[in-house]
Every structure is written in C-alpha cells, then in structure tokens.
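Q: This is the structure I want to talk about, given as structure tokens.
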C-alpha cells in the first residue's frame, strides 16, 4: 500500500482542498490528512464526497515534525510499504507517483525519492527544488531554486531531500526512525536525511514526478519564531552532523548576526544551539558506534 500524508496548519481557504483533490484524482495512494490543531476537519466535512481521505487530528500544533510523525505512524500501522509526505501547499500532476515508486523498486538501498518541485503558476516553469545541498555553515538550500525548468527528467542521486514532498521506503523509516520532533519546524528533513546516510541509505530525485509548490503563508505570520527556529536548528545540524570546523564557522556566523535585528531572537537561538551541544554530541558518538 502507498500512503500519501498531507500535513496542514491554518492553510488559506482552498489550498488544502486543492492539494488533497489533486492527490485523490491522480490515484494510487491512500490519503491521510493530518490536521495539526486547526479547523481542517470542519472544512473537509463540508466537502465530503469530493475528497476521499482519512482525517487525523492532533489536537494541537505539534510542528511539522510532530504532525507528520502522527500521519506516518498511522500509515505504517495500516501496512504502508511507501509513505509519501507532502505539504498542504502543493498540487501533484497526474502520474506523479510512478517515477517515485520506480526509483524505490530499482535499488533497495534507496530510502527516499524526491519529485521535481516547481513554483506553482510560474510561466515559463521555474524550479523550486530538485533536492537539498548543505553548506559548510549548516544552511540548506534547494538545488535549482529559481532556475528555469529544463524539462530533463533523468533520475539522479541527491545528498538530501526536502520534506515538502518526498517518498519514503517503509524499511528506511523503521531503520532510521521518524522526524526528530525537537526540531518542531525547519531542518527536521535534513536531520532525517543525514541520519539515514549514516546508516548507508541513499536518496534519489525523480524529475519525471512533477509537484507544484504554491508556498504557504502560515509561517510568515510569525517571522521572529521562524527566524529563531531556522537559526537554532541550523546550529543543531552542525553540532550533530558536521565536522568541528564547520560547527565553529556556523557558530561564528550566529555571533556576527547579533549585530543585526532581531538581536534578541538571534541571541536566544544562539543560546539554545549552544545548550544542546552535550545532547547532540552524545547522539553523534552513539550513531558512529552503531554504524561502525
């Protein structure tokens, strides 16, 4: 069974519905909508019969990591062999699943496959993401972001995937674990990908699978919270996964950012990043021991 898990939180009217309807229309997946403590239940009930999905309510905002984990756990418990996680601000093309499944079927070491994410409504089509690269300072960036879509659809190996739309092999999730809920939002996908790579899993991008990313307005409503989580979580990635020299550069970048507003937010993120060094160092040593 293939499961598609869509997480929603305060989506603008029509966004979640468009996402779910595109997945259902494309077929091939059992759809789970995870309501992360919003009013999605009432909205979907009003369109009952149009959207064939199972609605799961978390009861409160558990962040991207926690909310997605609820849906993934339900899908795995129901026997899903492949779990595709998607943001509520995407719309999929017909046939989007086949290239993802083909990549998973072709090599048992492939733990996750990302589709081509395009900027919704762009003309000519513009790329949103063809995978993720991690810089020496711990900052992640989407491959191809803002570039014209060349139309080339050959699958390629990637270092990391974006959590906005990615298909997971169930064996990968059971081996590596799910998203670390302490991240709450941002970089939890990077952490999961790096943890998987430590255990020998590889990742692919299947550009023949096309997903259109609209861009959610939810996070932009709390810019200070976004800035804090991005900065703190970037530091967590550095301490947990990157060489000592990279961690030093990353923390020095955080110190330099204290010169610019919002200074209090940057300081809180720096303190939270430093406070996690003992925990993350222990996790790093344990992971090396297990993988070794």
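The values are calculated or read from the model by the stated rules, or taken from the named source; none is laboratory data. Keep in mind the model is a prediction, meaning the values are calculated, not measured. All Cβ positions, glycine included, derive from the backbone under ideal geometry; neighbour counts span all protein chains shown.
Q: Return the residues of the stretch 166-194 that are within 14 Å of the chain's Cα centre (by Cα) and part of a helix (DSSP H, G or I); say none if nothing qualifies.
A: 173, 181, 183, 188, 189, 190, 191, 192, 193, 194
Q: Let me ask another. Kindly indicate the residue of the stretch 135-144 that is assigned to a loop (DSSP other than H, G, I, E, B) and modelled with pLDDT of 95 or more and also nearest to residue 83 (Cα to Cα) among those meeting that condition.
A: Here is the first cut: in the stretch 135-144, the residues assigned to a loop (DSSP other than H, G, I, E, B) are 135-139, 143-144.
Right, trim to modelled with pLDDT of 95 or more and you get 143-144.
Values: 143: 23, 144: 25 Å.
Once the filter is applied, the top-ranked residue is 143.
Q: Count, please, the residues in the stretch 44-85 that happen to be at pLDDT below 95 and either more than 17 Å from residue 22 (Cα to Cα) or in a loop (DSSP other than H, G, I, E, B) (or both).
A: Residues of the stretch 44-85 that are at pLDDT below 95, as a first pass: 44-63.
Of the ones still in play, those that are also either more than 17 Å from residue 22 (Cα to Cα) or in a loop (DSSP other than H, G, I, E, B) (or both) are 45-53, 56-63.
Adding up the residues that qualify gives 17.
Q: Further, regarding this structure: With the condition kept exactly as written, say whether any residue in the stretch 119-130 is in the same structural domain as residue 18 (by TED's automatic domain parsing), closer than 16 Å to residue 190 by Cα and in a loop (DSSP other than H, G, I, E, B).
A: Filtering the stretch 119-130 down to residues in the same structural domain as residue 18 (by TED's automatic domain parsing) leaves 119-130.
If we keep only those that are closer than 16 Å to residue 190 by Cα as well, we get 129-130.
The next check asks that each one be in a loop (DSSP other than H, G, I, E, B); those that pass are 130.
Checked against the condition, which is being in the same structural domain as residue 18 (by TED's automatic domain parsing), closer than 16 Å to residue 190 by Cα and in a loop (DSSP other than H, G, I, E, B), the stretch 119-130 yields at least one hit.
Q: Tally time: how many residues in the stretch 86-104 are loosely packed, with under 15 Cβ neighbours inside 10 Å and either within 23 Å of residue 17 (Cβ to Cβ) or not assigned by TED's automatic domain parsing to the domain that holds residue 117 (or both)?
A: First pass over the stretch 86-104, keeping only residues loosely packed, with under 15 Cβ neighbours inside 10 Å: 94-95, 98.
Filter again for either within 23 Å of residue 17 (Cβ to Cβ) or not assigned by TED's automatic domain parsing to the domain that holds residue 117 (or both), leaving 94-95.
The total comes to 2.
Q: If you check residue 193 against the conditions, is it touching a residue at least 60 places away in the same chain (Cβ under 8 Å), farther than 22 Å from residue 2 by Cα and not assigned by TED's automatic domain parsing to the domain that holds residue 228?
A: Numbers: touching a residue at least 60 places away in the same chain (Cβ under 8 Å): yes; farther than 22 Å from residue 2 by Cα: no; not assigned by TED's automatic domain parsing to the domain that holds residue 228: yes.
No: the conditions fail for residue 193.
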